[in-house]
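Every read-out reported here was derived from the displayed coordinates using simple, explicitly stated rules and does not represent laboratory data. For clarity, every value in this text was computed on a predicted model and none was experimentally measured. Here the Cβ positions follow ideal geometry from the backbone for every residue, glycine too, while neighbour counts run over all protein chains shown.
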Amino acid sequence: MFLNGISLAYGDKGTGPAVVLIHGFPLCRRMWQPQEDALAEAGFRVITPDLRGFGDSDTPEGAYSMSLFADDIISLLDHLNIGEAVVGGMSMGGYVLLNMLERFPERIAAACFIVTRGTADDEAARDGRMAFMERIRRFGIGSVTEAFIPYLFTGESAKDPETRGHMTRWMGHADTRGVEGTLHALLERKDYTPLLGQFTMPSLVIGAEEDRTIVGEDLRALTDGLPDSELVVIPGAGHMVNVEKPDAFNECLISFLRRVTLRRMTV
């Protein structure tokens, strides 16, 4: 679908209250396959966009931004005639969600922050992203897939051939131009810590006990800063918690969605 100046690919499954799930970096909407059927069967409409530069969406040249990603998703909601949705963002998708909360709060019924943080990059993280960008330029996305996997999964899952195959395919859909454009967006994103108190809609923060990327301090900072929030940490999972522990993740998310829906029906 041609939206906001690009062809934007997305999945749309089920009927009922709308739930938008935003993928992480450098992944695509296929990472939500373990959630689509479960949420649809629970009575929700699941929208899973491919952010520009990833999956089957267009890959324009130049620097991207979190505002640009957010605008793409709002354009998609407009196209689908969805006035308001629950929005969940995983890792980088959480940064897009924060931008949406700041600029389009009326479009978000509730928020789900999945293994993500509210702060901007520190100096070490920025240096790491610059090194990552240089490696992508020189050797392509395939050169970093294997290096990523240990940071995304726990030890046993990272060794599983099927898991490694999924990750290789999902990351393989990323275009070098898209990765480079998105790294600019990651480097330039703002620190939302001072603004969290303004986001008064119900919020769920999902963490993973063995996540090497988003640690307990990040999760607590989000939960403490959001006025109406709850924290769930799923044991035995790494950064790809929705893939590694899909049953526990789905149970947690569906429970939250049902509470939010019931609350809105009774207000």
Residues being within 16 Å of PHE54 (Cα to Cα), in a helix (DSSP H, G or I) and either touching a Pro at 6+ places or on another chain (Cβ under 8 Å) or small (Gly, Ala, Ser) (or both): count how many of those fall in region 119-143.
-> 1
Kindly indicate whether ALA42 is farther than 27 Å from GLU217 by Cβ, in contact (Cβ under 8 Å) with a residue 12 or more places away in the chain and either out of contact with any strand residue (DSSP E or B) (no Cβ under 8 Å at 6 or more places or on another chain) or crowded, with 23+ Cβ neighbours inside 10 Å (or both).
-> yes
Say we look at region 227-251 and pick out the residues that are of a type outside the set (A, V, I, L, M), over 16 Å from the mean Cα position of the chain (by Cα) and within 22 Å of THR48 (Cα to Cα); which of these is surrounded by the most Cβ atoms within 10 Å (Cβ to Cβ)?
-> LYS245
Provide a single number: the residues in region 94-112 that are of a type outside the set (Lys, Arg), surrounded by 14 or more Cβ atoms within 10 Å (Cβ to Cβ) and farther than 29 Å from THR176 by Cβ.
-> 8
Among the residues of region 153-168, count how many are surrounded by fewer than 19 Cβ atoms within 10 Å (Cβ to Cβ) and either of a type in the set (S, T, N, Q) or not in a helix (DSSP H, G or I) (or both).
-> 3
Residues located in region 132-152, provided they are more than 26 Å from PRO246 (Cα to Cα), of a type in the set (A, V, I, L, M, F, W, C) and either surrounded by fewer than 14 Cβ atoms within 10 Å (Cβ to Cβ) or touching a Cys at 6+ places or on another chain (Cβ under 8 Å) (or both) = PHE139
Across region 9-28, what is the number of residues that are farther than 19 Å from ARG169 by Cα and either assigned to a loop (DSSP other than H, G, I, E, B) or free of Cβ contacts under 8 Å to residues at least 60 places away in the same chain (or both)?
-> 5
Apart from one, (1) under 21 Å from the mean Cα position of the chain (by Cα); (2) part of a helix (DSSP H, G or I); (3) in contact (Cβ under 8 Å) with a residue 24 or more places away in the chain; (4) surrounded by fewer than 13 Cβ atoms within 10 Å (Cβ to Cβ) all hold for MET171; the odd one out is (4)
